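Novice: Dropping the structure in here first, questions after.
The values are calculated or read from the model by the stated rules, or taken from the named source; none is laboratory data. These numbers come from a predicted model, not from an experiment. Reconstructed Cβ throughout: ideal geometry from the backbone, glycine too, with neighbour counts over all protein chains shown. Each accessible area value is taken on the protein alone, full model and side chains, heavy atoms only, with ligands, DNA and RNA left out. Shrake-Rupley method; radii C 1.70, N 1.55, O 1.52, S 1.80 Å.
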Amino acid sequence: HLGPTSVKIIISQEVIALEAVQNMSIFKQTSGHGDHHDDCHDEESALMVASSTISSYSNVTNGEGALDTFESLGDPDHDGIREKQNQFVEQTEDSSNPVSSMQENIQDKIEEFREEFKHVVVGSSRGPKRDLSYDQSNHVVVLLRMYGSIWPKVLPYCIANVIWTFLIYYLSKNTALDLTLQSNAAHTFMSTLVSFLVVSRSNITYARFMESRQYMGDLCTACRDNISMACNLTMYDESDGAKQWRRDLAYNTIVMLRTVNAVINYQSTDESFDEGHEAVNTVVSTKKNSFKMTDWFESERTTVDENFRAPTILADKVRGSILKQRTKKYLKATLASGEELLLLGKVNDFLNAFQGIKKLMTTPFPFPLVQMTRWFLFAWIFTIPMTLTEAMHYISETMVVVFFITYGFLGIEYVSIEMDDPFGDDASDIDHSGLAEMVYEDIYLAIVKADGQGDALKLRRQIRQYAARGNALDAYRADISNPVFWEKEK
């Protein structure tokens, strides 16, 4: 409506804002017709674009920034631009003009949108994980901090062993029952074996912990890079089909990552032990036939087995989203074979990382070694008072030494127990939900950069609606029962 193309380019924000207001007016007039669900998308897109424009407009004084840019392009009609922008400023400052109250109306609408989804949890249902960072140079904080410490778990054993020490001393001094060991040679040899087992187990579990963190990082990086590269490779295609293709790919990627988090959460809770041996009878429906997953099992499968199958099936869905651009219904120019392989390679990277996590979660530390370490450790720990009571002259000194020996050896074992399950909600666990949530945000920002806030809002609404269905694994089982899930991407 403003004339020359150059004018539209220079004051594009103002044009978008005015068009957003017009779209809002049209929406209100036609909201009673057609599909209300799609209209909601259009309304929110207009709201978000207009809100951003009005917020950022205050940074430009009377359009001087736009005018300077226009003049740098060498267009002689800068007086016309100044007049247009001054008119827009007068409109926004005129309290009698509907545009002046647009910001307030937009904020009200956005608040309504947030209110609608306030109970929908996209990330972890347990809320944000408390930060365990600390200053290593602050000795007081390191010594006295309880959050993340193994003191609460080890302290009962320390107290019990101190009481046991005093009991041995009391019996040896006041009764005929003497539990002390006259020679500590055997106990000394045994200490070498206990130290080897405890320290070796600690080193192995720490290596597994760091490997889990590496796999989780690779998994998140693959999802982030897949969408980022897809947007960058097709960012100059601004057609509606290209925007839809990018949004579908982003949606399926986020769903895939949410499902991985659900698998990890399920495996890291007692629920996996309670339901791990239940039969899985998910009914899969397609246009051609309907069957149960169990019909194709070579042997009995558990709920845990089927959970680990979910990300693999959803990865195929992401591959289909990438390849559907071959139909030429989305992109003006299909991706080159190298570009296509690059995106598919990110899906392979995701699956490799997930299989690494699966390997660590389904292959625990060898039970015989854990059992042997535990037997030697407890036998050695609770026989220490029998040797030290005889060797040391003062019971108070003996009790202090026993207390800290118990803390040291059992503490290392409890650290190994903490690291052996790196996922969950313990203080020292990897914050996999937090890492995934940052990937969701990065994907939204990639869509904002490529297609604008309107399309990013559509994607976010899709994700909120998906999250409102509950647990990602339950949503997955419901989806695979729908014939649409098994259709080719078109």
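Novice: Each residue of the range 482-490 in order: what ³J(HN,Hα) in whole Hz does its phi give by Karplus 6.51 cos²θ - 1.76 cosθ + 1.60, θ = phi - 60°, with x for Gly and Pro?
Specialist: Each residue's phi maps through the Karplus curve to give 9, x, 4, 4, 8, 6, 5, 5, 10 Hz.
Novice: Mind checking the range 386-490 for GluC sites (Glu not before Pro) that DSSP puts in a loop (not H, G, I, E or B) and that have at most 13 other Cβ atoms within 10 Å? Could you put the intermediate results ahead of the total?
Specialist: Values: sites: Glu390, Glu397, Glu413, Glu418, Glu437, Glu441, Glu487, Glu489; in loops: Glu487, Glu489.
Those satisfying the criteria are Glu487.
Novice: Could you work out the Kirkwood radius for the range 367-433, taking every pair of different alpha carbons, averaging 1/r and inverting it, reported in Å?
Specialist: Working: mean 1/r = 0.0713 Å⁻¹.
It works out to 14.0 Å.
Novice: Moving on to the next point. Could you pull out the pairs from Lys292/Lys359; Lys449/Lys488; Lys328/Lys488; Lys329/Lys458 whose alpha carbons sit more than 25 Å apart here? All intermediate terms of the calculation are to be shown ahead of the outcome.
Specialist: Working: Lys292/Lys359 27 Å; Lys449/Lys488 29 Å; Lys328/Lys488 15 Å; Lys329/Lys458 20 Å.
In this structure, Lys292/Lys359; Lys449/Lys488 exceed 25 Å between Cα atoms.
Novice: Moving on to the next point. Keeping all protein chains in place, calculate the accessible area per residue for the range 135-260 (probe 1.4 angstrom), answer in Å². Walk me through the numbers on the way to the answer.
Specialist: Values: 6690 Å² over 126 residues.
With all protein chains present, the range 135-260 gives 53 Å² per residue.
Novice: Using all alpha carbons of the range 173-248, what is the percent of pairwise distances in each 10 Å bin, ordered from the shortest bin to the longest?
Specialist: Taking every Cα pair in the range 173-248, the percentages come to 14, 18, 15, 13, 11, 10, 8, 7, 4, 1.
Novice: Debye calculation, C-alpha points only, no solvent: report log10 I(q)/I(0) for the range 410-490 at q = 0.16, 0.24, 0.26 Å⁻¹, in the same order as the q values.
Specialist: Evaluating at q = 0.16, 0.24, 0.26 Å⁻¹ gives log10 I(q)/I(0) of -0.87, -1.13, -1.15.
Novice: Around Arg301, which amide H atoms from residues at least 5 apart in sequence, or from another chain, sit under 5 Å from its own amide H, with H modelled in the peptide plane?
Specialist: Sorted by chain and number, the residues that satisfy this are Val280.
Novice: Determine the order of Trp151, Trp375, Trp245 by accessible area, beginning with the largest, at a probe radius of 1.4 Å.
Specialist: On the way: Trp151 55, Trp375 185, Trp245 0 Å².
Most to least solvent-accessible, the answer reads Trp375, Trp151, Trp245.
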